[in-house]
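Take a look at the structure below.
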Amino acid sequence: MLAAEELEAGEVLFTIPRTALLSQHTTSIHALLQEAQESLQSQSGWVPLLLALLHEYTASNSHWQPYFSLWQDFRSLDHPMFWPQEERTRLLQGTGIPEAVDKDLANIQLEYNSIILPFMETHPNIFDPKLHTLELYKELVAFVMAYSFQEPLEEEEEDEKGPNPPMMVPVADILNHVANHNANLEYSPQCLRMVTTQAVRKGQEIFNTYGQMANWQLLHMYGFAEPYPGNSHDTADIQMVTLRRAALQRAKSEAQQQLVSEQWDFLCQLEMVGEEGAFVLGWDEVLTEEELSMTLKVLCMSEEEFKEYKEQDGWEDDSEEEENSTLSNEALSRLKTPCKKLLYDSVLLTLESYGADLKAEQDLLNNKEAYEKLSRREQQALHVRYGQKRILHQLLELVQ
């Protein structure tokens, strides 16, 4: 969407009445969904909307046919979940996306077989498994990933209930996303409004925000990534188990290895680490600062220090430490030497999980001719890998 004229900050671009939203509450089968809500509960919370979409997309008399006519089919969706597995692994190894996609695909299959099919079989006058196939369901999941909106909860509601279910918002879903966006969707009881957040020049694109999303999340959920250095919200992960691996590699004796294992178990009990967790690094600070600070501290303790620390159940009266709990780049450069070394080794191990090194990616990005020869998938994957590696290399320099 482009600005046809100069716009000031705070201008309403368009208004969408709530009656135009497509959700589990506005679909023509909302009564059925309401009735069956207990049996439609799932990990994602998306099943009622997906059933509404399965029905409305294929019903010739659907109130939303004009909306769906924008998508003749969903083949234009190019999420990594539609890439061949070999290509996904080759282009995205180390980014965290292949693992996220594997989980998605397993969950989609499970939801379809255990919730969607039984519901369709109960309502054969509305649904037909030959028409409402697993393949269409998978495409609609990607459609919801890329185009749906979730209304934020009021502050007082946050503790009481889970997130609002997703809904489709015509017109608002045309807008693309960048970190430095110039418009935002506002919610009120009667309608939703797209409002400019800064001045927009004539002919400039109107960008919404999908939230503070790292490039790997953008590619995984929306099918695109922001070229460096556009995405100020980009992040890189160090798997929690990588720190344990680095600590074990450093342990010279069996006794030291035993100590690392005990320290790790203690951190697990404190719920600071887990086998599947990750420490998340941003451009300016560590986003999982409490977990990383505590893990570095415990894994770098001597046997005596650890014994004493355990006796206090991990509590310390150390006000100085409280003040420094933010792991900004400046704070990282001031870490004690053993902590720096452990973090440095963990970053090196993380960088090994990618296929190519930073310099090779940099050369490709700087060579316009070579870059333009890449397929769209190769280009998007390159942006994800490059941003992550830049953040990891920045950390290497800070803790050298």
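The values are calculated or read from the model by the stated rules, or taken from the named source; none is laboratory data. Note that the coordinates shown come from a computational prediction; the quantities given were computed from them, not determined experimentally. Reconstructed Cβ throughout: ideal geometry from the backbone, glycine too, with neighbour counts over all protein chains shown. For the accessible areas, the whole protein counts, side chains as well, though only heavy atoms, and no ligand, DNA or RNA atoms are used. Shrake-Rupley method; radii C 1.70, N 1.55, O 1.52, S 1.80 Å.
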Practice item. Order these peptides, 55-65, 206-216, 148-158, by their mean beta-carbon neighbour count within 10 angstrom, highest first. Key: 206-216, 55-65, 148-158
Point to revise | Cβ-based charge dipole, the chain, positive-most Cα from Thr337, Gln93, Asn231 | key: Gln93
Practice item. Send over the per residue convex hull volume for the range 182-260, Cα only, as a whole number of Å³. Key: 181
Review point. Residue-wise, which Karplus ³J(HN,Hα) couplings in Hz belong to the range 271-277, taking 6.51 cos²θ - 1.76 cosθ + 1.60, θ = phi - 60°, and x for glycine or proline?
Key: 6, 8, 9, x, 4, 10, x
Point to revise | Estimated FRET transfer efficiency (Thr326, Met294; beta-carbon r; R0 22 Å; 0.05) | key: 0.95
Check your understanding: Hey, what angle do you get for helix 289-299 against the long axis of the chain, alpha-carbon based, 0 to 90 degrees rounded to 10?
Key -> 30
Review point. Averaged per residue, what accessible surface does the chain expose to a 1.4 Å probe, in Å²?
Key: 53
Study note, to complete from the structure: Hydrodynamic calc, the range 110-188: Kirkwood Rh from Cα pairs, then Stokes-Einstein at 25 °C with viscosity 0.890 mPa s, so D in µm² s⁻¹ is 157
Revision key, fill the gap. Cα-based Debye curve of the range 72-121 sampled at q = 0.15, 0.30, 0.32 Å⁻¹ gives log₁₀ I(q)/I(0) of -0.53, -1.04, -1.09
Point to revise | When the convex hull of its Cα atoms is projected in every direction, mean area for the chain (nm²) | key: 24.4
Review point. Put a dot 7 Å past each Cα toward the Cβ at Ser253 and Ala199; how far apart are the dots in nm?
Key: 7.0
Practice item. For the range 2-222, state what percent of all Cα-Cα pairs lands in each successive 10 Å bin, counting from 0 Å until the bin that includes the largest distance. Key: 7, 29, 35, 23, 6, 0
Check your understanding: What aspartates and glutamates sit close enough to Lys161 to cross-link, taking a C-alpha to C-alpha distance under 17 Å and skipping anything fewer than 8 places away on the same chain?
Key -> Glu38, Glu151
Review point. Could you state the number of Å between the C-alpha centres of the range 323-371 and the range 162-209?
Key: 34
Review point. Label Glu8 and Leu365 with points 7 Å out from Cα along Cα→Cβ: what is the distance between them in nm?
Key: 3.8
Check your understanding: Amide H neighbours of Phe207 under 5 Å, counting only residues 5+ apart in sequence or on other chains, H built in-plane at 1.01 Å?
Key -> Asn182, Ala183
Review point. What order do you get for 295-306, 98-109 when each peptide is scored by the mean count of other beta carbon atoms within 10 Å, highest first?
Key: 295-306, 98-109
Review point. If you keep only loop residues by DSSP, which trypsin sites (Lys or Arg not before Pro) in the range 64-100 have at most 14 other Cβ atoms within 10 Å of their Cβ?
Key: Arg75
**Study point:** Formal net charge of residues neighbouring Ala214 (Cβ-Cβ distance under 10 Å; K, R +1; D, E -1)
**Key:** -3
Exercise for review: For the range 150-240, state which trypsin sites (Lys or Arg not before Pro) are in a DSSP loop and have at most 14 other beta carbons lying within 10 Å of their beta carbon.
Suggested key: Lys161, Arg201, Lys202
Exercise for review: Could you list which residues have their amide H under 5 Å from that of Ala278, counting only those 5 or more apart in sequence or on another chain, with H placed in the peptide plane?
Suggested key: Met240
Practice item. Roll a 1.4 angstrom probe over the protein heavy atoms and tell me the percent of accessible area of the chain that is carbon or sulfur. Key: 49
Check your understanding: Tell me which lysines have Cα within less than 23 Å of Lys297's Cα, excluding those fewer than 8 residues away on the same chain?
Key -> Lys252, Lys307, Lys310, Lys336, Lys340, Lys341
**Study point:** Partner lysines for Lys373 [C-alpha distance under 25 Å; skip if fewer than 8 residues away on the same chain]
**Key:** Lys359, Lys389
